[in-house]
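Trainee: Below are the structure tokens for one structure; questions will follow.
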Amino acid sequence: MAGIAPVGSQLDARECDAKMTELPNADGEDFLTSNDEVYDSFESMGLQENLLRGIYAYGVEKPSPVQQRGLVPFCKGLDVIQQAQSGSGKTATLCLGILQQLDYNAVDCQALVLVPSPELARKTERVMHSLGNYLGVKVCACEGCDRVPEDQGNFSHGVHVVVGTPDCVFDMLRRQSLSPDYVKTVVLNQADEMISRGFKNKIYDIFQLLAPKIQVGVFLATMPPEALEITRKLMNKPVRILVKLGEFTPEREEMKLETLSGLSQTDEAAMCWLDKRCRLWKPKNIITKGKLVNKKILD
Ligand SMILES: Nc1ncnc2c1ncn2[C@@H]1O[C@H](COP(=O)(O)OP(=O)(O)OP(=O)(O)O)[C@@H](O)[C@H]1O
């Protein structure tokens, strides 16, 4: 671990919030963190042996910038805001942070992950399941509000983590198909996207059903004013991590495309995703699975 004095560690909460909205557009500073610890390897983070095995089996060797700064505080049970671009490793971070803290001797729902779409719920379920394979995690995605009986069936076998859109999760809690009693962590993944899809009030409704003292993680790419409002209302002295655009390199994106292919996404979905990345980084070429994809074919 290398100790550094990061931008943000001396600022108060309000100054930090202001910085988090300004910094993505500013030159010069790459990180804003209100926590001064940076871990450049997973081994130095004090993670459980079986979680490390899951990480290696998943094919990940070195933590990404957001993981180097945000994973350990999250594992310690602190509230954490992580703002970084899509593809920077936020989903893996929240999965690892939850997996490290679960009590595997109890089969109660201990963590909720709220996401903007059923597709992202399924993706998060797969990532959590792969990383937690050696820990025996039971994770379940709510498939959709029209599939309540199937979801109820899955929950009845016992579950540690539930992932779903705010609508679905609220519905499960309201029907008492899911107990709020043992939930100690709630994560809002792609919180900015959830807000733009109109889920803000449903998120507040869910928190009304949970215990008052709960760990909250907020993961997003942008910080609209409503996201700041959510963090102020729901979080307790959060650790703030902002990784600027461009910190995640195209080389690592090769891995994302391989993962995409591995998950048998359609070529169209993969190309659409690549196109978004090319607009961000403007690379000349992207190499994937030994093939060179010339950027021109995406134009
Ligand atoms: N430390 C790492 N090293 C290499 N690849 C990684 C690492 N962490 C995550 N990845 C891979 O990078 C890709 C993006 O990670 P992830 O989905 O966690 O990012 P994200 O920030 O949540 O993206 P999005 O906002 O689009 O969901 C995935 O394919 C994941 O397997």
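The values are calculated or read from the model by the stated rules, or taken from the named source; none is laboratory data. Note that this is a predicted model, so its numbers are computed, not measured. For neighbour counting, all protein chains shown are included, and Cβ atoms are generated from backbone atoms with ideal geometry for every residue, glycine included. Surface accessibility is based on the protein's heavy atoms, side chains included, excluding ligands, DNA and RNA. Shrake-Rupley method; radii C 1.70, N 1.55, O 1.52, S 1.80 Å.
Trainee: Considering only residues that are more than 20 Å from Asp192 (Cα to Cα) and either open to solvent by 20 Å² or more (accessible area, probe 1.4 Å) or touching an Asp or Glu at 6+ places or on another chain (Cβ under 8 Å) (or both), which ones fall in the range 87-105?
Mentor: The answer is Gln100, Gln101, Asp103, Tyr104, Asn105.
Trainee: Mind listing whichever residues of the range 78-88 are touching a Ser or Thr at 6+ places or on another chain (Cβ under 7 Å) and not in a strand (DSSP E or B)?
Mentor: Ser88
Trainee: With the structure loaded, tell me whether Val169 is in a strand (DSSP E or B) and within 16 Å of Gln110 (Cα to Cα) or whether it fails that test.
Mentor: no
Trainee: Got a number for residues in the range 89-110 being assigned to a loop (DSSP other than H, G, I, E, B) and either touching a strand residue (DSSP E or B) at 6+ places or on another chain (Cβ under 6 Å) or away from the ligand (no atom under 14 Å from the Cβ) (or both)?
Mentor: The qualifying residues number 9.
Trainee: Taking the criterion of being at pLDDT 90 or above and either touching a Ser or Thr at 6+ places or on another chain (Cβ under 8 Å) or open to solvent by 70 Å² or more (accessible area, probe 1.4 Å) (or both), would at least one residue in the range 32-47 satisfy it?
Mentor: Looking through the range 32-47, at least one residue is at pLDDT 90 or above and either touching a Ser or Thr at 6+ places or on another chain (Cβ under 8 Å) or open to solvent by 70 Å² or more (accessible area, probe 1.4 Å) (or both).
Trainee: Looking only at the range 179-216, how many residues end up being in contact (Cβ under 8 Å) with a residue 40 or more places away in the chain, away from the ligand (no atom under 16 Å from the Cβ) and assigned to a helix (DSSP H, G or I)?
Mentor: 2
Trainee: Something else now. Quick one: which residue in Lys296, Lys213 is more than 18 Å from the chain's Cα centre (by Cα), over 30 Å from Gln110 (Cβ atoms) and either modelled with pLDDT of 95 or more or surrounded by fewer than 14 Cβ atoms within 10 Å (Cβ to Cβ) (or both)?
Mentor: Lys296
Trainee: Which condition from (1) modelled with pLDDT under 95; (2) closer than 26 Å to Val60 by Cβ; (3) among the small types (Gly, Ala, Ser) is the one that Ala191 breaks?
Mentor: Evaluating Ala191 over (1) modelled with pLDDT under 95; (2) closer than 26 Å to Val60 by Cβ; (3) among the small types (Gly, Ala, Ser) leaves (1) as the failure.
Trainee: Could you list all residues from the range 179-206 that are surrounded by fewer than 16 Cβ atoms within 10 Å (Cβ to Cβ) and of a type in the set (Phe, Trp, Tyr)?
Mentor: Selection gives Tyr182, Tyr204.
Trainee: Within the range 106-137, which residues are free of Cβ contacts under 8 Å to residues at least 60 places away in the same chain and crowded, with 21+ Cβ neighbours inside 10 Å?
Mentor: Ala121, Glu125, Met128, Val137
Trainee: Looking for something under 25 Å from Tyr182 (Cα atoms), within 13 Å of the chain's Cα centre (by Cα) and within 9 Å of the ligand (Cβ to nearest atom) - is there at least one such residue anywhere in the range 57-80?
Mentor: No, that holds for no residue.
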